[in-house]
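The values are calculated or read from the model by the stated rules, or taken from the named source; none is laboratory data. Since the structure is predicted, the reported quantities are computational estimates derived from the model, not experimental observations. Here the Cβ positions follow ideal geometry from the backbone for every residue, glycine too, while neighbour counts run over all protein chains shown.
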Amino acid sequence: MKKLLILILAISLLTPVSAQGVEFGQDATGDPNAVWVMGASGFLYSDRIVFTAAHTIEYFGSTGYLFAPGVKNGSDNKKYWPQKILMAPTYRARVGTDNTRVDDFAIIILRESMPMRNSVQVASPADIESFIREKAPVEMVGYGLQNEAMRTDLQARYNNSPHKMTSTIVSGDDLRKYLAAYPGWHQPNQTILDFGIPNNEKIGSNCDGDSGSGFFVQKSNVRYYLGAAGGSQAGITNCNGSFTRFAPNGGMSGITPTYKFLALIKEAEDFVANEKKLEAIQEAARVAAELKAKLEAEAKAAAELKAKQEADAKAAAKVFKNCTELNKVYPGGVALPGAINSGGMTKKKPKYDKALYNANKKSDRDKDGIACEK
C-alpha cells in the first residue's frame, strides 16, 4: 500500500496539469471582466471580444455559450453565444512529453454585446518590464475548481462564483531559474514560456477550470492584460491536495504575453466594427420601416375617420321638402363652407354645413352653394 501511494504521488508530480479555478483564492463575484466559458474561463476585453485559451476552444468548440462577467455560475444566467472564433495561428498543443502549450491564445467574438464597465489595454513590453521592476500586483480571476472536494461535488462545481488570486510577474530568466531548481516539475524538453506567475497557498493558485482567465495589472480604472492562463504550470497542487503538494517555493504559471497577438486582436476589432456598422444600417432600416408603417396606418385611420364622420353627418342631415320648411329651421338657408351669395342681397346668415347643404342641394336655384338664402 505504501509503495502504491508513493507511485501515485510520483505520477501526479510528473503529470501535466491543466491551467483551467483559483485554489486558495478570494471570492470575486461581480468582477467586470471574468467570464464563464463553458466550464472554463475567459476575460472580457471589450463588449464583443473575450480573450481565452486556445485549448479551451479545442475542448468546447465554437458552439458553447458564455455568461456575463462576474456572475455566479448557474443555468438561469443569460447565455451569450459566439459569432466567430479566432485562434492564434502559431498555437501548438502539447506534443509528446513537452507539456507546454505554445501561444495558447484565442479570441471569442460575441453575437451581442456584454456589459462593459471598465477599460482594458493589452500590456506592452515596456509595461510588463515596468510591472516586473515594480513587483506590481498581478491578479487573475477564474471560474475553475476552488478545492479538491469540487472535483466530485458537481452541485458546487456548477454553481460556483469567480475567485481571484493576487501574485506578481517574473521575467523569463527567473522562470527558468525556478524550473531548474525543481526539475521534477517539468520535462527536460519542455518549452519554457516568456514570463512566470508565482502560485502558492497564500496568494492563490491555478486549478482546473481557470484556463482562459486573464492575468492583469490594475491601474486606476484600467486593467493591463498580460496573458491568458493555460500555457504551462509547475509545482502546483491543481486541487489535488490528497496526492500533490506545492513545490517548496510554491508553483509557477508560465504565460505568453498577449502583445504578440496584436494583429489577431486588430482582426477581431475590425470584424466587430464592421458588424456594428451593418447592425446600425439594419436598425436604421427597421426604424424607417416602422415609422413608414406608423405614418401609413395613421393616414389610413384619419381617412377612415373622415369618411365615417362625413357618412355620419350625411346620415344625420335632414332633407327638407322645400325652402319654406327649411327656413323654419334655418332662416338664412344652408350653405357649403365658404360659399358666397351670387344673387341679391340677403338679410340673414346661412348655416354653413356641407352635409346639410348636400342633402338640400335641390333647393339651390342659382347654384351658388347656398340653398334657400334670404
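The table below gives the values:
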{"read-out": "Members of the stretch 238-269 that are in contact with a Ser or Thr (Cβ under 8 Å, 6 or more places away or on another chain) and either crowded, with 23+ Cβ neighbours inside 10 Å or of a type in the set (S, T, N, Q) (or both)", "value": "Asn238, Asn240, Thr244, Gly251, Ser253, Gly254"}
{"read-out": "Matching residues in the stretch 316-347 - criterion: being surrounded by 13 or more Cβ atoms within 10 Å (Cβ to Cβ) and of a type in the set (S, T, N, Q)", "value": "Asn327, Asn341, Thr346"}
{"read-out": "Wholly within the stretch 47-166, helices (runs of 4 or more DSSP H) carrying at least 2 residues that are buried (at least 17 other Cβ atoms within 10 Å of the Cβ) and more than 19 Å from the chain's Cα centre (by Cα)", "value": "54-60, 125-134"}
{"read-out": "Selection status of Gly42, of a type outside the set (S, T, N, Q) and not in a strand (DSSP E or B)", "value": "no"}
{"read-out": "Residue list for the stretch 24-44, filter: touching a helix residue (DSSP H, G or I) at 6+ places or on another chain (Cβ under 9 Å) and surrounded by fewer than 24 Cβ atoms within 10 Å (Cβ to Cβ)", "value": "Met38, Gly39"}
{"read-out": "Residues being touching a Leu at 6+ places or on another chain (Cβ under 6 Å) and over 30 Å from Glu279 (Cα atoms) - total across the stretch 85-141", "value": "1"}
{"read-out": "Qualifying residue in the stretch 270-281 (condition: among the hydrophobic types (A, V, I, L, M, F, W, C) and over 22 Å from the mean Cα position of the chain (by Cα))", "value": "no"}
{"read-out": "Yes/no for Gly235 being under 18 Å from Val120 (Cβ atoms) and crowded, with 22+ Cβ neighbours inside 10 Å", "value": "no"}
{"read-out": "Ser211 being under 23 Å from Tyr45 (Cβ atoms), in contact with a helix residue (DSSP H, G or I) (Cβ under 9 Å, 6 or more places away or on another chain), of a type in the set (S, T, N, Q) and modelled with pLDDT under 95", "value": "yes"}
{"read-out": "Members of the stretch 148-175 that are polar (S, T, N, Q) and either touching a helix residue (DSSP H, G or I) at 6+ places or on another chain (Cβ under 9 Å) or over 21 Å from Gln26 (Cβ atoms) (or both)", "value": "Thr152, Gln155, Asn160, Thr168, Ser171"}
